[in-house]
Amino acid sequence: MDLLRANLHKVRIPEPTNRIHKDECCVSFDTPRSEGGLYVDMNSFLGFGREHVAWNFEKSENPVYLHIVQRRKPEPDETDRPLKKPTLLAIGMEGGFGEQEPEYDVTYKIVILPEFLSLPFPSVDLPEKVRLAVDKVILAESADRKQQLASWVADKKIISAHAMDLQQLDNGVIVPPTGWKCSKCDKTENLWLNLTDGMILCGRWVWDGTGGNNHAVEHYQQTKYPLAVKLGTITADLEGADVYSYPEDDSVEDPILAQHLSHFGIDFSSLQKTEMTTAERELDHNTNFDWNRIQESGKDAEPLYGPGYTGLVNLGNSCYMASVMQVMFSTHPFISRYFEKQSLKAAFAISKADPTLDLNMQMTKLAHGMLSGKYSAPSQEGQEGIRPRMLKSVIAASHPEFSSMRQQDALEFFHHLIDKVDQANPGNHELNPCTGFKFIIEERVQCPSGKVSYNQHCDNFLTLSIPLHEATNKEQLEAFHEKKAAMDLDGKEVSKEEIVRPRVPLEACLASFSGGEEVPEFYSTALNSKTTAIKTTGLKTFPDYLVLQMRKFVMGEGWVPKKLDVYIDVPDIIDISHMRSNGVQPGEELLPEGASCGNKAEPARPVADEDIVSQLANTGFNYFACQKAAINTSNAGIEEAMDWLLSHTGDPDINEPISQDPMPAEDTIDEASLQTLVSFGFPEDVSRMALKASGGNIERATEWVFSHPEASSSVSADSSTNNVKDDDSNISDGSGRYKLMAFVSHMGTSTHCGHYVAHILKDGRWTIFNDNKVAASVDLPKDMGYLYFFQRISS
């Protein structure tokens, strides 16, 4: 007690803003439930396991700790424990998850280092400052819990401000249960019932001719009646009904929808749902794409434990991160950097004052957690796994998407991880584990003059389009489509077992990447005019690890994203030596640089493509607005122009005649959106063009870049450009022969929903990593990958 009193100046009473780490050790995955419990520094409020708390004492000289030990209570019979079904996508909230966690007995002690002297808590003999400080630590929400609660609550429909006092006209309208039709046209689908006057009108028009004729929107503009409900979504479960608020411009909740419907004689309890919700369509598609096969469900797989076989617990839609991290810590550079050549103690010694915010510390912590085998042991429910929450916080810091609990694209996370680790190892190429993933892409453009230009940039993955016309099972596909068409006519559905999907060889995807393609509207400095050039792409260097992304997500009709339902035949060994680009060849003549070519034959001001303008004008838009849409999207096409137009309808001068100035004022580009595209690996000038063409929408801008490969070539017609940074000069190079070492598969209709799973070749056998479940693969779904990881075969 005297020793404690002598160190009272080292004890702090936590403030509400302090981050209190009482759930997990900041340098390991030890918790209060571990054998040695957890020690909370009563000055910094950092938590440490029994093996690591002495390191903190040596570094900080803080001697007073709160020792927390949790031991699981014996479980009552399952029949005595009511199961409560979650009704909200949330943790720690009424109706959410986490209500049925096992119960634990908790004990507390005050421990004084370095001798580990202990005092009981609670105790009236303890100094008041200590009692107050410990009470506040115990009662406070932990740092992990705070983040968890803030991130987990899913987006929820707001209650409309117009619902509770909605005016409903006594006009005698009674809505029949079936046979609906738009009051102003013949549309019988996508119908909306205005909840004020009972008018049934069709929904919004879509540029490709689908959808409605905008009659519901036009009715609101004329009457200002605010709420409408989509017919066909009303059932006895009113929560599933689609209610839209025009003034709030969003789907909303109407708490008294039953009352509003009864005004028009609608007995919602007798209605049957005739239109699928978005979630149901997604589930239906996911089922067809065979989740079971990717996850190897129903297979008698052997669970695996030990070093390198540690599962990662899903923190809430974090499978994208778990899949990528399992693969990265199966590669030699990451194992060497963060496990073999760096101990936990060494990483802690050089870490920041708060090691929970230090990327090097948290990467090392995860490496030792995954590769030591300490946390990979059988439990009652299989492997318990570890929770990489601190790493997620560090790596997602200042990133609005990765810091959320929403599902993300595994490729985007891989790219973000490489950037973060790169920044943490500036100029240190021997230590930087990302060096082995980088390579240089070289593009060669030849114009009709015969002269060429070269452009280089650095990347860490290749995106491959999937040429469906190269499918090897065309006969079976044709027979399947004929059978399906016949069954559709008979009103029958094809079973999952009968579905035939295209099979495309990986070689065809690689050939599509490196094959020649036309670049229209290429400005040739040799001809002083625009022309059509030919672009070929190759690799200037071959990386130690080659990452291939299969471009399964494309834009379908009406800007609706869709996923290609296709198999990729991937061999265990590939040779891409033929894809090497060797730069300027003997006899080749470079295109002259722009400055030496004289005046370019460019018009004084841009001219709109009249075909695009007329098509847009025919849909009812102002002619001058259509001209501006065509010009501001560089006459790229009707889709791009329509997208720009829809995002600029509110511009005050949208319908004004075009200025006769030599060049129009440059559209303002959102810098955050620009930097996001640049972080994806797109050149800045191309990113500007894409954002301009897509009205600032990042997803559509990304699609625009992929669908306009000529953009990167037409931006500059100089003879040779090199966008490789000085830091990239130590990029590795070697043989073009690779072996498949891992792949990440995705289930779902979008990269931002669904589930990710990793398969990794370890110790000569394929292993499936499905969050915290780790097992030997039985039925390897190698043809269903989204990301493929290849390792170079040494000569």
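Each reported figure results from applying straightforward, stated rules to the coordinates on display, with no laboratory input. The structure presented is a predicted model; accordingly, all values stated were derived computationally and were not measured. When we count neighbours, we look across all protein chains shown, and the Cβ atoms used for this are built from the backbone with ideal geometry, even at glycine.
Grab the beta carbon distance between L169 and K474, set R0 = 56 Å, and tell me the FRET efficiency rounded to 0.05.
0.40
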### Query
Put a dot 7 Å past each Cα toward the Cβ at N314 and L489; how far apart are the dots in nm?
4.3 nm
### Query
For V124 and T178 in the same chain, what is the full-extension length gain: residue separation times 0.36 nm, less their Cα-Cα distance, in nm?
12.0 nm
### Task
Estimate the FRET efficiency between I669 and I159 by the formula 1/(1 + (r/R0)^6), using the beta-carbon distance for r and 56 Å for R0, to the nearest 0.05.
0.95
## Note on the structure
Taking Lys and Arg as +1 and Asp and Glu as -1, residues besides Y786 with C-beta under 11 Å from its C-beta add up to +2
### Query
Of K230/K483; K474/K540; K352/K540; K22/K345; K474/K773, which sit over 28 Å apart, Cα to Cα?
K230/K483; K474/K540; K352/K540; K474/K773
### Message
Around A367, under 13 Å between beta carbons, what's the net of Lys plus Arg minus Asp minus Glu among the other residues?
### Response
+3
### Message
Taking the alpha-carbon distance from K628 and a cut-off under 20 Å, which lysines remain once sequence neighbours fewer than 8 residues away in the same chain are dropped?
### Response
K692
### Query
At what distance in nm do the modelled label points of I573 and T107 sit from each other, each positioned 7 Å from its Cα along Cα→Cβ?
6.0 nm
### Message
What does the net charge come to around P307 if you take all other residues with beta carbon closer than 14 Å to its beta carbon, with K and R at +1 and D and E at -1?
### Response
0
### Message
Run the reach check for K535 against lysines, Cα to Cα strictly under 22 Å, same-chain hits fewer than 8 apart removed. What comes back?
### Response
K451, K600
### Query
Given 0.36 nm per residue, what is the gain on full extension from D653 to A776 after removing their alpha carbon distance, in nm?
38.0 nm
## Note on the structure
So L527 and D250, fully extended at 0.36 nm per residue minus their Cα-Cα distance, gain in nm 94.5 nm
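Which FRET efficiency, nearest 0.05, do D135 and R406 yield, Cβ-Cβ r, R0 41 Å?
0.70
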